[in-house]
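Throughout, read-outs are computed from the coordinates displayed, never taken from laboratory work. Everything numeric here is computed off the predicted structure, so don't read it as measured data. Because the Cβ atoms are built from the backbone with ideal geometry, glycine has one as well, and the counts that use them run over all protein chains shown.
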Amino acid sequence: MRSGCCLYAHRVSRIAAVPPALGRLALKIILAVLERREFVNSPLTEAGAKLATVGALMIGLPLSQGRVERVDGLIVCRGLPKWAYARGGTCVGSVYLTGNVVSDRVLRHERVHVDQWKKYGLLFPILYWLAGSDPLKNHFEIEAGLEDGGYVRRSAR
Ligand SMILES: [Zn+2]
């Protein structure tokens, strides 16, 4: 089962696909510039993440047919119609919008996306789009954990 992930940018990337290698190169350059300019994890990006959270709650709260709960800094909205999220679920700001793909592993994955939202603010969807639609090569999915996100099988331990 393919579960949690993450951004509406995933859908956009299907419509407007950047050649993967070009997108990843652009992403690398942009991330380097953002880090150097101390843009990341700034009050501006935190404000962007909060704005995204408010927007996601405006979708998640009225549409949720299931339990809405706060789990370790993540607001989980279940029972949403399929059009309201991508793949198994979508993380927008601090809100995880899903049908019912919820497990400790998936939530751990989504919490990394929450941190990514805080780090890059409203630039995050654009950066995610540049990282490409293939989760196995997407910088942000790899950082969040491909196994936890359900993109690769758990390795035997
Ligand atoms: Zn993800």
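Measuring r between the beta carbons of I29 and K137 and using R0 = 22 Å, the FRET efficiency lands at 0.80.
Which whole-Hz ³J(HN,Hα) couplings does the range 94-103 yield from phi under the Karplus relation 6.51 cos²θ - 1.76 cosθ + 1.60, θ = phi - 60°, glycine and proline marked x? In residue order, the calculated couplings are 9, 10, 9, 9, 8, x, 7, 8, 9, 8 Hz.
If I stretch the segment between D72 and R153 completely, what's the gain in nm (0.36 nm per residue apart, minus their alpha carbon distance), one decimal? Spell out each step's value before the answer.
On the way: separation 81, 0.36 × 81 = 29.16 nm, distance 2.50 nm.
Working it through step by step, the gained length comes to 26.7 nm.
Site pair N100 and L22 shows an inter-label distance of 4.3 nm when each label is modelled 7 Å from Cα along Cα→Cβ.
By the count of other C-beta atoms within 10 Å, a proxy for reagent exposure, D115, D148, D104 are ordered fewest to most as D104, D115, D148. Between R105, R67, R87, the Gaussian network model of the chain with springs among Cα atoms under 10 angstrom shows the greatest mean-square fluctuation at R67. Evaluated with a Cβ-only charge set (Lys, Arg +1; Asp, Glu -1), the range 9-144 carries a dipole of roughly 240 debye about its Cα centre, given to the nearest 20.
Distant-in-sequence amide contacts of R87, defined by a placed amide H-H separation under 5 Å and a gap of 5 or more residues or a different chain, comprise nothing. Across the chain, how large is the tail of the calculated P(r) beyond 20 Å, expressed as a percent of all Cα pairs? Looking at the chain, the distances longer than 20 Å represent 47 percent of pairs. For V92, the amide hydrogen comes within under 5 Å of the amide hydrogens of L97, counting only partners 5 or more places away or on other chains and with H modelled in the peptide plane. Modelled this way, with points 7 Å down the Cα-to-C-beta line, the labels at R36 and L122 are 2.5 nm from one another.
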